[in-house]
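The values are calculated or read from the model by the stated rules, or taken from the named source; none is laboratory data. Quantities reported herein were computed from a predicted structural model and do not represent experimental measurements. All Cβ positions, glycine included, derive from the backbone under ideal geometry; neighbour counts span all protein chains shown.
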Amino acid sequence: MAILLAVGLFIVVPTAATRLLHRLTDHPFWLNVGEGGLRLAIFVGYIGFISLFRDIRRVFQYHGAEHRVINAFEHKSQLLAAEVQRHSMRHLRCGTSFLLLVMVISVVVFAFLGWPDLWLRILSRVAMLPVIAGLSYELLRLCARYPECWPIRLIAAPGLWLQAMTTRPPDDHQVEVAIVALRAVLPDGGEVN
């Protein structure tokens, strides 16, 4: 059900809604850019809307805890709540950044694929998703590998800004949960320090 909702909200609705753009232009490039822009606006609006719910804000606190723990681990800090709380809630390899990259890369790719009939456009968007996801994943890895390179920083910046919406400062208990979760997936019984 969640997959159908996501396809409907982020692929079908923007693709169908761009029929309104035909009043302004018939150029396939601009129609695709308009569709992608609408998809991005729906995505950011969706995140903003769900962040109004108390339960989601709590989920975003756990997301912040996860980032702080990973940052502490990668900086070889002690995995204690007080130490972890000093670390950033932003992380270059975040799933939020990945989703944003998928959407931006899809705008670029689809801008050059013409403007076929509605059902063919929807089918092409779904069919190209694995390729776009793969490109986005590799770009995200590149961002994490070269964080000081200024072109990479420009690419990573929107994802980091979006993380300001999807992370909230965690309490110590949430950080401790994230520490336990990290230790559970580490080799050697989770001993990190």
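Structure notes:
- Selection within region 144-193: residues that are in contact with a helix residue (DSSP H, G or I) (Cβ under 9 Å, 6 or more places away or on another chain), modelled with pLDDT under 95 and of a type in the set (Val, Ile, Thr). The member of this set that is nearest to residue 82 (Cα to Cα) is 192.
- Boolean, residue 49 is modelled with pLDDT of 90 or more and farther than 30 Å from residue 152 by Cβ: yes
- Close Cβ contacts (under 7 Å, 6 or more residues apart or on different chains) running from residues in region 26-43 that are in contact (Cβ under 8 Å) with a residue 60 or more places away in the chain to residues that are polar (S, T, N, Q) comprise 31/18; 31/25; 35/15; 35/18; 36/106.
- Test: residue 147 is in a loop (DSSP other than H, G, I, E, B) and either closer than 16 Å to residue 69 by Cβ or touching a strand residue (DSSP E or B) at 6+ places or on another chain (Cβ under 6 Å) (or both): no
- Taken together, 38, 24, 31, 52 contain a single residue that is among the aliphatic types (A, V, I, L, M), surrounded by fewer than 16 Cβ atoms within 10 Å (Cβ to Cβ) and closer than 30 Å to residue 108 by Cα, which is 24.
- Total residues in region 45-60, condition hydrophobic (A, V, I, L, M, F, W, C) and in contact with a helix residue (DSSP H, G or I) (Cβ under 7 Å, 6 or more places away or on another chain): 4
- Annotation: residue 87 fulfils all but one of (1) without any contact (Cβ under 8 Å) to a residue 24 or more places away in the chain; (2) of a type outside the set (S, T, N, Q); (3) surrounded by fewer than 19 Cβ atoms within 10 Å (Cβ to Cβ); the unmet one is (3).
- Candidate set from region 59-75 (those that are without any contact (Cβ under 8 Å) to a residue 60 or more places away in the chain and not acidic (Asp, Glu)); member that is surrounded by the most Cβ atoms within 10 Å (Cβ to Cβ): 72
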